[in-house]
Amino acid sequence: MTIRKRPWLKTLRCAFAGLSMACGTAVNAATLPIGFAETKIADGLNPTTMSFAPDGRLFLCEKQGVLRVVVDGAMLAAPVLDLSKSVDSWNERGFLSVCFDPEFTRNGWIYVYYTHPREPGDASHGSSNNRVSRFTLKGNVAVPNSELVLLEIDHLSKIGWHNGGGLNFGKDGKLYISTGENANGPNAQDGGNLLGKLLRFNKDGSIPSDNPHYRDFAGNSRAIVAMGLRNPFTIAAQRTTGLLYLSVVGDRYEQIEGYNSGAAPVAVNYGWPGIDGPPRNQTPPAGYQAPVHAYDHGSGDATALCGGDFYNPVKPGADAFPAEYTGRFFFSDYRGWIKTIDPAKPGTRSDFASGIDRPIDVDTAPDGALWYIARAGTPGGSDAANTSSSNGSLWRVRWTGGGQPVKLAVIQQPGGANAGEPVGEVKEALQDAHGETVSAATDTVTLTLDGNAAGTLAGTTQVAAVKGVASFPALTVGKPGHGYVLRASSGGMTAAMSAAFDIGNQVATPAISPAGGTFSGPVWVQISCSTPGMTILFTTDGTDPKGNSETYRGPFQMTARGTIKALAQRSGLADSVMAEAKIGGVGNTPYGMDYRPAVNGLRLAADPEGLPVTLSGTGIFIDRNLTPRPGIVPYSLNSP
């Protein structure tokens, strides 16, 4: 029994697969590899396929007969072309594809593939055929009455499936058209009609005389270069080689079929209906060519192969994918995913995106972003479900992370401080062109003083980024001044300037540790100041330090209650603010451990493998009662 595959919505096989995500659950966004991000460009669509013009505009076909355009990332409200009164959009029919003349920038010609009803009022849909026409564009609108019908394909039966719809120019400058067999397998092997074929035309609709069947077929059949196709939904052309890939919806197998438009045309037969998917024991027809890549949709992880494109952007920009993606073929399956294959090794496919609501086409933008259409729509397989969707959407995927930073940005600014005092932690991010931090970047960032450069910047001024961010925790400026600016640089990236900050002319306030309190015994006290080259004067009796006061030279011990006051001085700067700490201490039990005398006699290796085998061998204890060696601080766990 032939399973009737519907590219628009799930097939009958999808019902047997268990109503998975792609068979009815709406998904808002794709699951992408690390380093990629996507943006929804438009929704509320009834989409089929899309194509990029050479100038970067995206043209999107809506099934009911409307051609839309996206300019600078926004879909225009007015359509480019509205053929809704001349299109039969029932079931799988409709406005199926668009492509651009090789000389589009000069002549403005576009080519469209759509289903034309010869009798618009025919409710049986038995009087339609697929048509290829050329229109002329001016700006973002098709010139009225500019349609030139190039090809009327054979009349369709009352069956609404398998229309094909592929349309593209090859490297040879010829227009290639892929047609479905209208759910009648023998059509694909009949040279007397155009159904189930790959056709090759001149762009004016005439037939090239070097076509392989030019002399043995008659009429329009002379345009046939390949037979044996079931439902070749789209054609992708690799501009660098002329390789054509047809995305074919098969019976059991989804198939990518290949044709070389960069070489002399040859007659090819893809084998349908006798062969579906990889050949097994069938007798192949003359000129048989096996699929480039095929996969069994009966496995439960596939539904219908509808569209794809080669990743060969014309002018890669900041959104372009890493080099390893260049030349790969991206293709979407209606099940909900996008995968890739390498044309040089097409037997292996790699995952790219998943969780998409019925992806129906994929296209590479000139700047290197990847776009896809999520058709969404009504689940099922009925004629009504196949005919229309009202919630299709258009998405743009770009590379954002890993190895491609182009500019620096200050994400944590310096603050005002006194001379020699830290200006606070400064953080610089390595970003892509969209202002997003490149988390994989480890480039070294250098900070220098800009603006008022009379001061000297001290501290670590060169730091390698970690997860795309370079952190500078202890920078100081040694001379007072106004309007200091830090300049961050790294290689050829765009530099970043901090906000302006001032450096005061006062010595930093000393810090007394501990800062005060009552303790159980003698207290070791330390006084520090961040201003380099300063002198600290202090007292312990509560009087203000003066020129003849004691100069701080190192930690000292307080054995009685007292008030410590400290003042820092440096030539050329104003004295610091007075620091004060009230210390109380009684008894003989030492307090604190920061300034205890050095502990001698320990035998502890840095490497755990070098630890002594016995506890007594460590030197931590002085007797069998586990009395700690002087200077060792015993502890126990509050919460074991």
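Per-structure values
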quantity: Residue in segment 171-190 that is among the β-branched types (Val, Ile, Thr) and open to solvent by less than 10 Å² (accessible area, probe 1.4 Å) present; calculated: yes
quantity: Selection count where residues are in a strand (DSSP E or B) and not aromatic (Phe, Trp, Tyr), scope segment 280-317; calculated: 8
quantity: Looking only at segment 329-381, and only at residues there that are assigned to a loop (DSSP other than H, G, I, E, B) and of a type in the set (Lys, Arg), the one that is most open to solvent (accessible area, probe 1.4 Å); calculated: ARG335
quantity: Failed condition for GLY617, given (1) assigned to a loop (DSSP other than H, G, I, E, B); (2) on the phi < 0 side of the Ramachandran plot; (3) at pLDDT 75 or above; calculated: (1)
quantity: Single residue of segment 52-73 satisfying the filter (assigned to a loop (DSSP other than H, G, I, E, B) and open to solvent by 20 Å² or more (accessible area, probe 1.4 Å)) that is farthest from PHE310 (Cα to Cα); calculated: GLN64
quantity: Lone unmet requirement of (1) modelled with pLDDT under 95; (2) touching a His at 6+ places or on another chain (Cβ under 8 Å); (3) within 27 Å of MET227 (Cα to Cα); (4) not polar (S, T, N, Q) for ARG335; calculated: (3)
quantity: Filter pass, ALA320 being closer than 30 Å to VAL466 by Cα, small (Gly, Ala, Ser) and in a strand (DSSP E or B); calculated: no
quantity: Output for segment 472-498, where each listed residue is in a strand (DSSP E or B), under 15 Å from ASP443 (Cβ atoms) and hydroxyl-bearing (Ser, Thr, Tyr); calculated: SER489, THR494
quantity: Leading residue by the ranking (least open to solvent (accessible area, probe 1.4 Å)) among those in segment 490-517 that are within 26 Å of the chain's Cα centre (by Cα) and of a type outside the set (A, V, I, L, M); calculated: SER490
quantity: Single match in TYR334, TYR372, TYR295 (criterion: closer than 16 Å to PRO47 by Cα and more than 20 Å from the chain's Cα centre (by Cα)); calculated: TYR334
quantity: Residue in segment 74-81 that is of a type in the set (A, V, I, L, M, F, W, C), open to solvent by 50 Å² or more (accessible area, probe 1.4 Å) and in contact (Cβ under 8 Å) with a residue 40 or more places away in the chain present; calculated: yes
quantity: Checklist (1) touching an Asp or Glu at 6+ places or on another chain (Cβ under 8 Å); (2) under 27 Å from ASP210 (Cα atoms); (3) open to solvent by 10 Å² or more (accessible area, probe 1.4 Å) applied to ALA267, failing item; calculated: (1)
quantity: From SER389, SER393, residue being assigned to a loop (DSSP other than H, G, I, E, B), buried (at least 17 other Cβ atoms within 10 Å of the Cβ) and touching a residue at least 40 places away in the same chain (Cβ under 8 Å); calculated: SER389
quantity: Segment 113-133 residues that are more than 19 Å from GLY205 (Cβ to Cβ) and among the small types (Gly, Ala, Ser), paired with ones that are open to solvent by less than 30 Å² (accessible area, probe 1.4 Å) and part of a loop (DSSP other than H, G, I, E, B) (beta carbon under 7 Å, 6 or more apart); calculated: SER128/ASP88; SER128/ARG93; SER128/LEU156
quantity: Selection status of PHE36, in contact with a Leu (Cβ under 9 Å, 6 or more places away or on another chain), under 28 Å from ASP367 (Cα atoms) and modelled with pLDDT under 95; calculated: yes
quantity: Qualifying position, being in contact (Cβ under 8 Å) with a residue 60 or more places away in the chain, in contact with a helix residue (DSSP H, G or I) (Cβ under 8 Å, 6 or more places away or on another chain) and among the small types (Gly, Ala, Ser), among GLY355, GLY415; calculated: GLY355
quantity: Residues located in segment 138-156, provided they are assigned to a strand (DSSP E or B) and closer than 24 Å to ALA183 by Cβ; calculated: LEU151, GLU152, ILE153, ASP154, HIS155
quantity: Selection count, segment 101-137, where residues are part of a strand (DSSP E or B), among the hydrophobic types (A, V, I, L, M, F, W, C) and open to solvent by less than 20 Å² (accessible area, probe 1.4 Å); calculated: 5
quantity: Residue within segment 83-98 that is open to solvent by 10 Å² or more (accessible area, probe 1.4 Å), among the charged types (D, E, K, R) and over 19 Å from LEU394 (Cα atoms) present; calculated: yes
quantity: Complete set of residues in segment 301-328 that are touching a residue at least 24 places away in the same chain (Cβ under 8 Å) and open to solvent by 30 Å² or more (accessible area, probe 1.4 Å); calculated: ASP301, VAL314, LYS315, PRO316, GLY317, ALA318
quantity: Per-region count, segment 208-226, residues surrounded by 17 or more Cβ atoms within 10 Å (Cβ to Cβ) and in a helix (DSSP H, G or I); calculated: 4
quantity: Residue count for segment 231-251, restricted to those that are open to solvent by 10 Å² or more (accessible area, probe 1.4 Å) and either free of Cβ contacts under 8 Å to residues at least 40 places away in the same chain or under 19 Å from PRO346 (Cα atoms) (or both); calculated: 8
quantity: Yes/no for GLY277 being in a loop (DSSP other than H, G, I, E, B) and open to solvent by less than 10 Å² (accessible area, probe 1.4 Å); calculated: yes
quantity: Within segment 405-425, considering residues that are modelled with pLDDT of 85 or more and over 19 Å from PRO480 (Cβ atoms), the one surrounded by the most Cβ atoms within 10 Å (Cβ to Cβ); calculated: LEU408
quantity: Given (1) under 21 Å from LEU244 (Cβ atoms); (2) more than 35 Å from the chain's Cα centre (by Cα), index of the condition GLY185 fails; calculated: (1)
quantity: From ASN211, ASN187, ASN182, ASN193, residue being free of Cβ contacts under 8 Å to residues at least 60 places away in the same chain and at positive phi; calculated: ASN182
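Condition check ((1) part of a strand (DSSP E or B); (2) of a type in the set (A, V, I, L, M); (3) in contact (Cβ under 8 Å) with a residue 12 or more places away in the chain; (4) farther than 20 Å from ASN418 by Cβ) across all residues:
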residue: ASP502; (1), (2), (3), (4): yes, no, yes, no
residue: THR531; (1), (2), (3), (4): no, no, yes, no
residue: ASN548; (1), (2), (3), (4): no, no, no, yes
residue: ARG553; (1), (2), (3), (4): no, no, no, yes
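The values are calculated or read from the model by the stated rules, or taken from the named source; none is laboratory data. Fair warning: this is a prediction, and the values are worked out from it, not measured in the lab. Don't worry about glycine lacking a Cβ; one is built from the backbone with ideal geometry, like all the others, and counts go over all protein chains shown. Areas reflect the complete protein model, heavy atoms only, side chains present, ligands, DNA and RNA absent. Shrake-Rupley method; radii C 1.70, N 1.55, O 1.52, S 1.80 Å.
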